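Here's the structure we're looking at; comments come further down.
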Protein chains: 2
Amino acid sequence: MGKIDQSKLPRKTGSGYPEPYASMMNKRSYLQLGDAGGLTQFGVNITVLEPGGMSSMRHWHMNEDEFVMVTEGEVVMVTDEGEILMGVGDCASFPAGVENGHHFLNKSYAEARFLVIGTRAALETVYYSDVDMMVVDVDGAGVFTRKNGSPMPEPE
Amino acid sequence: MGKIDQSKLPRKTGSGYPEPYASMMNKRSYLQLGDAGGLTQFGVNITVLEPGGMSSMRHWHMNEDEFVMVTEGEVVMVTDEGEILMGVGDCASFPAGVENGHHFLNKSYAEARFLVIGTRAALETVYYSDVDMMVVDVDGAGVFTRKNGSPMPEPE
């Protein structure tokens, strides 16, 4: 508890997505502030996007509220309404169950960062807006499937 | 959902504390970002402290995780370990049930702001570290009492 020493936080890379989506996250990394600070009820990460980077595949959560504040640089937020530019201090919210996928792109020439908070629900379903993928709960763990429930290809 | 128009958020003042504590919050105001954005699972506020302002009486939550990021100026965080200065980008966490009260003071000559996120638990108990006050749940509502359970003085 108390102040979080961000200088000691490892910068995580990689993605749990099946290919070809995992490779599309190769200009994204993140710092796990909430875990470092002992929080369990919601996740708190700083997402770092290099120029050309993407935060995630565009998605929405069935059960988990999500909140974002830009802390460095500029990102483009994409939703069903299109693109909107967001700078330092700009915030966005994504209430659980609202069927409008979002993600963030760094179309600038400088690194961008944003704080992202998301509830940790016991059971979660995630829908991806633009690709044939979803996350369903199987025995308490999130599993990627096609939208018809069939398995995703195994990692190569 | 989506981007939150902070220019339209009312700046809230006042406090639900009994006196004399409510008056001690007179240099604090706040913007309710999460409510404006339709979030219900956790609260997201920006707390604004004028010079000399105090965020709250020093307290800890039994059931709710809390997270803070300084977004403007400088604040002093006070816990059982003493005082620590925090500037823009500095973060702190307060996991539910950790018996170490915290609050934030603005000892500078400029306005300071921080983002604060807290889970919304169905039932909550709050302990105040330095004064004879707590919050207990009565039929789903938080009620201020003395630490022995006796009522607080009525508002004058």
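Every read-out reported here was derived from the displayed coordinates using simple, explicitly stated rules and does not represent laboratory data. The structure displayed is predicted, hence computed values, not measured ones. FYI the Cβ positions are ideal-geometry reconstructions off the backbone, even for glycines, and counts take in every protein chain you see.
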- Other residues with Cβ under 12 Å from the Cβ of residue A:25 give, with Lys and Arg +1 and Asp and Glu -1, a net charge of +1
- residue A:63 versus residue A:26: modelled label distance in nm, points set 7 Å from Cα along the beta carbon direction: 3.4 nm
- Task: Order by neighbour count: A:8, B:12, A:27, fewest other Cβ atoms within 10 Å first, most last.
- Result: A:8, B:12, A:27
- Using only the C-alpha atoms of the protein assembly as shown, find the volume of their convex hull and express it per residue in Å³. 148 Å³
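Among B:24, A:69, B:134, rank each residue by its count of other Cβ atoms within 10 Å, from fewest to most, as a rough exposure measure.
So the residues, fewest neighbours to most, are B:24, B:134, A:69.
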- Formal net charge of residues neighbouring residue B:119 (Cβ-Cβ distance under 11 Å; K, R +1; D, E -1): -3
- Table column - 3J(HN,Hα) (Hz), the stretch A:96-109, Karplus curve with 6.51, -1.76, 1.60, x for Gly and Pro: 3, x, 7, 7, 8, x, 9, 7, 10, 10, 9, 9, 8, 9
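Take every residue in peptide A:61-71, count the Cβ atoms of other chains within 10 Å of its Cβ, and give the average of those counts. Each step should come with its number before you reach the end.
Working: counts 0, 0, 1, 1, 9, 5, 10, 3, 8, 0, 5.
Shielding by partners across A:61-71 averages 4.
Quick one: how many lysine pairs in chain A have C-alpha atoms under 28 angstrom apart, if they're 8 or more apart or on different chains?
6
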- Scoring only Lys, Arg, Asp and Glu (+1, +1, -1, -1) among other residues with Cβ under 11 Å from the Cβ of residue A:48 yields +2
- Query: So what is the 222 nm mean residue ellipticity for chain A from helices alone, if each DSSP H run of at least 4 adds -39500 (n - 2.57) and you divide by all residues, rounding to the nearest 500 deg cm²/dmol?
  - Reply: -500 deg cm²/dmol
